[in-house]
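Read-outs throughout are calculated quantities, based only on the coordinates presented, and are distinct from any laboratory measurement. Fair warning: this is a prediction, and the values are worked out from it, not measured in the lab. Neighbour counts are summed over all protein chains in view; Cβ atoms, including those assigned to glycine, are modelled from backbone coordinates with ideal geometry.
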Amino acid sequence: MVVAGERLARYGFPDGHPFGQDRHAAFYAEFTARGLDRRVRLMETRAATREELETFHTPQYLDLVAERSISGEGFLDAGDTPAWRGVYAAAADVVGATLLASEEIMEGRARRGFVPIAGLHHAARGGAAGFCVFNDCGVAVEVLRRKYGLKRIAYVDIDAHHGDGVFYGFESDPDLIFADIHEDGQFLYPGTGRAEESGRGAAEGTKLNIPVPPGADDSVFEAEWPRVLAHLRKYQPEFILLQAGADSVEGDPITHMRYTAAVHERAARDLAALADELGHGRVLGTGGGGYNRINLAQAWSGVVQGLTS
Ligand SMILES: [Zn+2]
């Protein structure tokens, strides 16, 4: 199943911001051109409730977003993520989309899911960051645990940027199995995700950070990807989240990586096969970053194909 539609499309920033509201339409045009809308069930999003958002985010931060969403002024962080009127509702709809897709999977109505405008991996428990207001993946992990009693959940991230909001949100949590291949933080925002960052305390070893150099192409991905699959096999997660940021594809305006979109389809297909091998089949893909519209359309349509193959 795929969550899409006008409500989800609203999440974006005005005035020529790279994360504009046209990203959904760019994906949707390619998705329908490939006939994928006839292969999967489409659903409209729902709003995440305050209670659901509070499983990950602090009440103080939620209050701040609510307040700036009315005024529509200022920034939600140090200057990457501007406030606009209605931003709270739009961001809650993104989280609701990821929760809805998780519920469809957990309740057996869908085997896999994909949400194009989601995977907002930079948002911290207590603040916005890097175009991300609420961290839908972080909330989904917490809600899947509470609502369905899942113990071990995997988060895999192939966006060019390190998924710092998820990583630091669960750094000391041994049950969040984390694997992230990203452009080396010496060259790209947010600057984190060194190979030595492998989890703290009881979580030591449950986190796998793989920084790759600027210009990394498919051959680099091919060399590193088996480590991600081995990491997941070791911990046998009961649910797999994939953040499939398309900004790791060559030609993105704000990163320096050089994958082709084939990487994204390959990652989705391999994770779907792994989830089947683990006996549950549960994989939920999110679009994440990606600021070249052609790239995101290709990469995310490939993810849908990989998850449904
Ligand atoms: Zn990114």
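Count of the stretch 108-155 residues, restricted to those that are in a strand (DSSP E or B) and small (Gly, Ala, Ser), is 5. Quick check, is Ala90 of a type in the set (A, V, I, L, M) and either without any contact (Cβ under 8 Å) to a residue 60 or more places away in the chain or within 16 Å of the ligand (Cβ to nearest atom) (or both)? So Ala90 does not fit the description; no. For beta carbons closer than 8 Å, sequence separation of 6+ or different chains, a first residue in the stretch 128-143 that is over 11 Å from Leu76 (Cβ atoms) and among the polar types (S, T, N, Q) and a second that is more than 15 Å from the ligand (Cβ to nearest atom) and outside any helix (DSSP H, G or I), the qualifying pairs are Asn135/Phe56; Asn135/His57; Asn135/Ala124; Asn135/Arg125. When Ala273 is tested against the conditions (1) surrounded by fewer than 20 Cβ atoms within 10 Å (Cβ to Cβ); (2) of a type outside the set (D, E, K, R); (3) in contact (Cβ under 8 Å) with a residue 24 or more places away in the chain, the lone failure is (3). Among the conditions (1) within 16 Å of the ligand (Cβ to nearest atom); (2) of a type outside the set (Val, Ile, Thr); (3) farther than 25 Å from Phe114 by Cα; (4) surrounded by fewer than 18 Cβ atoms within 10 Å (Cβ to Cβ), Ala216 misses just one, which is (4).
I'd like to verify a number: residues in the stretch 253-278 that are in contact with a helix residue (DSSP H, G or I) (Cβ under 9 Å, 6 or more places away or on another chain), within 16 Å of the ligand (Cβ to nearest atom) and not in a helix (DSSP H, G or I), how many? Selection size over the stretch 253-278: 7. Being of a type outside the set (A, V, I, L, M, F, W, C), over 22 Å from Lys234 (Cβ atoms) and in contact (Cβ under 8 Å) with a residue 24 or more places away in the chain holds for only one residue in Tyr155, Tyr148, and it is Tyr148. The one condition from (1) closer than 25 Å to Asp270 by Cα; (2) in contact with a Ser or Thr (Cβ under 6 Å, 6 or more places away or on another chain) that Asp180 does not meet is (2).
The set of residues in the stretch 80-119 being charged (D, E, K, R) and surrounded by fewer than 15 Cβ atoms within 10 Å (Cβ to Cβ) consists of Arg85, Glu107, Arg109. Count of the stretch 232-252 residues, restricted to those that are among the aliphatic types (A, V, I, L, M) and either touching an Asp or Glu at 6+ places or on another chain (Cβ under 6 Å) or assigned to a loop (DSSP other than H, G, I, E, B) (or both), is 1.
Yes or no: the stretch 165-175 includes at least one residue that is more than 30 Å from Arg39 (Cα to Cα) and in a strand (DSSP E or B).
Taking the stretch 165-175 as the starting set, the residues that turn out to be more than 30 Å from Arg39 (Cα to Cα) are 165-175.
Filter again for in a strand (DSSP E or B), leaving none.
No, there is no match, as no residue in the stretch 165-175 is more than 30 Å from Arg39 (Cα to Cα) and in a strand (DSSP E or B).
Please verify whether Ala195 is free of Cβ contacts under 8 Å to residues at least 60 places away in the same chain, within 24 Å of Leu271 (Cβ to Cβ) and surrounded by fewer than 16 Cβ atoms within 10 Å (Cβ to Cβ), treating the condition exactly as stated.
In short, yes.
Restricting Gly289, Gly281, Gly285 to those that are assigned to a loop (DSSP other than H, G, I, E, B) and either closer than 16 Å to Ala179 by Cβ or in contact with a strand residue (DSSP E or B) (Cβ under 8 Å, 6 or more places away or on another chain) (or both) reduces the list to Gly281.
Of everything listed in (1) away from the ligand (no atom under 16 Å from the Cβ); (2) surrounded by fewer than 22 Cβ atoms within 10 Å (Cβ to Cβ); (3) not acidic (Asp, Glu), the single unmet condition for Thr206 is (2).
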